[in-house]
Amino acid sequence: MIRIFVFMVFLLPGILFSNTNNFEYKLETVVSNLGKVWGMTYLNEKEVLFTQTNGEIGILNLEKKDIKYLLNTPTVYHRGQGGLLDVQKSPNFEKDRTLYFTYVKEVKKKGVTTLAKAKLINSELQEWKDLLISKSASNTSRHFGSRITFDEEGHLYFTVGDRGVRPNGQDLTTHAGTVIRLKLDGTIPKDNPFIENPNALDEIYSYGHRNIQGIFYDKKTKRLWAIEHGPRGGDEINLIEKGKNYGWPVISFGKEYWAPISVGEGTHKAGMEQAKKYFIPSIAPSSLIVYSGKLFKSLEGKLLSGALKLTHLNIVTMNENNEFVEEKRVLEEYHQRIRNVIESPKGELLLSTDSGRFYLLTK
């Protein structure tokens, strides 16, 4: 096969080759005309289970390019930014067939971010169980979060947005605006940072967040990374550490929506963590991974995120001291709101968009 190194050239129907920003890839549109696909997890090399915000759950066969929708899906609060959100297979999936979900559940006519699990058996969800119905209700229909990741010590982390109520970010009596850490069975780890604090919820791992829509535990470096929406400017990449306060809404690099006025007291304050990178203007990030595959050598160890507002795949390089080094943006020419990006067992990249498309990046 002859490679033509131009910005973008059609070579085969539905397949494009590119060599932009020193990142050579082949892009294929796998499927289209779906709803808003939020969560994705590889079940094996051929099959990807995905969630749509309207509550549907499907399994995409990448070879056949067909989709089977599951039975026994949950009833979700599908209003505003709410609905069925993330999905991740259990670290022990081959043995326990367990999937973890975050979704918005209606509680007293309000929506709350909820963590649940179920078993996947014969294309059907069985033994659905809510593990934590978060204390995060508000009168808004925005900023629910939510993403899931696992460390190697039997912990699950998931995120809850501030629910559009700014003071929630500094309020430890609500789950809104936090990263939550639980054991895989939904119980609370005894070493969670606020477990001895009578004025804080035991599940909270970190706080002071606005709306985290990407979180990822990097097994190689043992680091927990998150990316979150700022207001008008001030999206952040943070290194999440136990018990830390990330400042929202007291400190921010963002502006008010109604005027060019800074949000909060400033950009720094004692006792509050600084972002490892912030974005001005906002890219509106959704999803986050640290690339670990061998297929794309130039991406190894880099942070990859979808961008909604600025419609691209965002690539960020950090050094060994967790300091920002470089940012690149690819796929801008497609003008797609990239909702999620995940890595395949082969090191390929699978992307979902708000227009209901799946893109596969390979070589």
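Quick notes
- None of 271, 264 is surrounded by fewer than 16 Cβ atoms within 10 Å (Cβ to Cβ) and in a loop (DSSP other than H, G, I, E, B) except 271.
- Residues located in the range 134-147, provided they are under 18 Å from the mean Cα position of the chain (by Cα) and either among the acidic types (Asp, Glu) or open to solvent by 50 Å² or more (accessible area, probe 1.4 Å) (or both): 142
- Of residues in the range 219-235 being of a type in the set (D, E, K, R) and over 14 Å from the mean Cα position of the chain (by Cα), the one surrounded by the most Cβ atoms within 10 Å (Cβ to Cβ): 232
- Residues in the range 256-296 that are basic (Lys, Arg), over 21 Å from the mean Cα position of the chain (by Cα) and at pLDDT 95 or above: 269 only.
Residues checked against (1) farther than 30 Å from residue 97 by Cβ; (2) open to solvent by 10 Å² or more (accessible area, probe 1.4 Å):
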| site | (1), (2) |
| --- | --- |
| 22 | yes, yes |
| 25 | yes, no |
| 32 | no, yes |
| 35 | no, yes |
| 40 | no, no |
| 46 | no, yes |
| 49 | no, no |
| 54 | no, yes |
| 57 | no, no |
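- Summed over the range 151-175, residues that are touching a strand residue (DSSP E or B) at 6+ places or on another chain (Cβ under 8 Å), open to solvent by 30 Å² or more (accessible area, probe 1.4 Å) and not in a loop (DSSP other than H, G, I, E, B) total 1.
- Among (1) open to solvent by 30 Å² or more (accessible area, probe 1.4 Å); (2) among the basic types (Lys, Arg); (3) in contact with a Phe, Trp or Tyr (Cβ under 7 Å, 6 or more places away or on another chain), the one test that residue 190 misses: (3)
- Selected residue [assigned to a loop (DSSP other than H, G, I, E, B), closer than 30 Å to residue 283 by Cα and of a type in the set (D, E, K, R)] from 242, 190: 242
- Candidate set: the range 82-133, residues that are touching a Ser or Thr at 6+ places or on another chain (Cβ under 7 Å) and of a type in the set (Asp, Glu); chosen: the one least open to solvent (accessible area, probe 1.4 Å): 86
- The set of residues from the range 345-363 being open to solvent by 10 Å² or more (accessible area, probe 1.4 Å) and small (Gly, Ala, Ser) comprises just one member, 355.
- Only residues that are in a strand (DSSP E or B) and either touching an Asp or Glu at 6+ places or on another chain (Cβ under 8 Å) or closer than 19 Å to residue 78 by Cβ (or both) were counted across the range 24-48, and they come to 4.
- The range 276-315: number of residues that are of a type in the set (Gly, Ala, Ser), free of Cβ contacts under 8 Å to residues at least 40 places away in the same chain and open to solvent by 50 Å² or more (accessible area, probe 1.4 Å): 0
- Which listed residue is surrounded by 15 or more Cβ atoms within 10 Å (Cβ to Cβ) and either assigned to a strand (DSSP E or B) or at pLDDT below 95 (or both), from 17, 7: 17
- Among the numbered conditions (1) among the polar types (S, T, N, Q); (2) open to solvent by 50 Å² or more (accessible area, probe 1.4 Å); (3) within 21 Å of residue 86 (Cβ to Cβ), the only one that residue 238 does not meet is (2).
- Strands (runs of 3 or more DSSP E) fully within the range 306-363 counting 2 or more residues that are closer than 16 Å to residue 39 by Cα and among the aromatic types (Phe, Trp, Tyr): 358-362
- Apart from one condition, residue 225 fits all of (1) in a loop (DSSP other than H, G, I, E, B); (2) under 20 Å from residue 339 (Cβ atoms); (3) not small (Gly, Ala, Ser); the exception is (1).
- Boolean, residue 258 is in a loop (DSSP other than H, G, I, E, B) and of a type in the set (Phe, Trp, Tyr): yes
- Breaking point among (1) in contact with a Gly (Cβ under 6 Å, 6 or more places away or on another chain); (2) buried (at least 19 other Cβ atoms within 10 Å of the Cβ), for residue 67: (2)
- Residue within the range 207-214 that is within 22 Å of residue 289 (Cα to Cα) and out of contact with any Ser or Thr (no Cβ under 9 Å at 6 or more places or on another chain) present: no
- Cβ-Cβ under 8 Å pairs, at least 6 apart or on other chains, the range 117-138 side under 24 Å from residue 42 (Cα atoms) and part of a loop (DSSP other than H, G, I, E, B), far side among the charged types (D, E, K, R) and open to solvent by 80 Å² or more (accessible area, probe 1.4 Å): 123/68
The values are calculated or read from the model by the stated rules, or taken from the named source; none is laboratory data. Just so it is clear, the model here is predicted, and its values are computed rather than measured. Cβ: placed from backbone, ideal geometry, glycine included. Neighbour counts: every protein chain shown. To get the accessible areas, we keep the full protein, side chains included, count just its heavy atoms, and leave off ligands, DNA and RNA. Shrake-Rupley method; radii C 1.70, N 1.55, O 1.52, S 1.80 Å.
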